[in-house]
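Worksheet for the structure shown next.
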Amino acid sequence: MKHPAIIQLRGEFRKWINELLPVIERTCGEFYVEKVKGGLDVYVSDVNEARNAISKIQRIKKAKIQMSTKYAGLRKGRVRTLFVYCLRF
């Protein structure tokens, strides 16, 4: 079962945005980017793709990573969890 994920980009990442977004495009199949008050939120359809993108982003620019989960509802009687990764540069 696929679990969705959010990659939150916070802090001073704007210098490297031209390098970070192509990594996410190559790594993640389905995603969309939303601009929020503190930075950018990247919504990814699969948590494994999000983790892979985060590890590649870490090679470009080191960031502090904080992980949390949110309840995302039920699907076929099973609990769905939304994984949230906050990257602070």
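The values are calculated or read from the model by the stated rules, or taken from the named source; none is laboratory data. Keep in mind it's a predicted model, so treat the numbers as computed, not measured. Cβ sites come from the backbone with ideal geometry, for glycine too, and all protein chains shown count toward neighbours.
Annotations for the structure displayed:
- Residue in segment 1-22 that is farthest from the chain's Cα centre (by Cα), counting only those that are within 15 Å of Cys86 (Cα to Cα) and assigned to a loop (DSSP other than H, G, I, E, B): Glu12
- Residue that is farthest from Ser55 (Cα to Cα) [pool: residues in segment 23-44 that are surrounded by fewer than 17 Cβ atoms within 10 Å (Cβ to Cβ), within 12 Å of the chain's Cα centre (by Cα) and of a type in the set (D, E, K, R)]: Glu34
- Selection count where residues are over 16 Å from Ile24 (Cα atoms) and in contact with a Lys or Arg (Cβ under 7 Å, 6 or more places away or on another chain), scope segment 40-80: 4
- Lone qualifier among Ser55, Ser45 - being at pLDDT 95 or above and of a type in the set (Ser, Thr, Tyr): Ser55
- Look at segment 56-77: where a residue is over 13 Å from Ile7 (Cα atoms) and a partner is charged (D, E, K, R) and outside any loop (DSSP other than H, G, I, E, B), sitting 6+ places away or on another chain with Cβ atoms under 6 Å, you get Ile60/Glu19; Ala72/Arg80; Gly73/Arg80.
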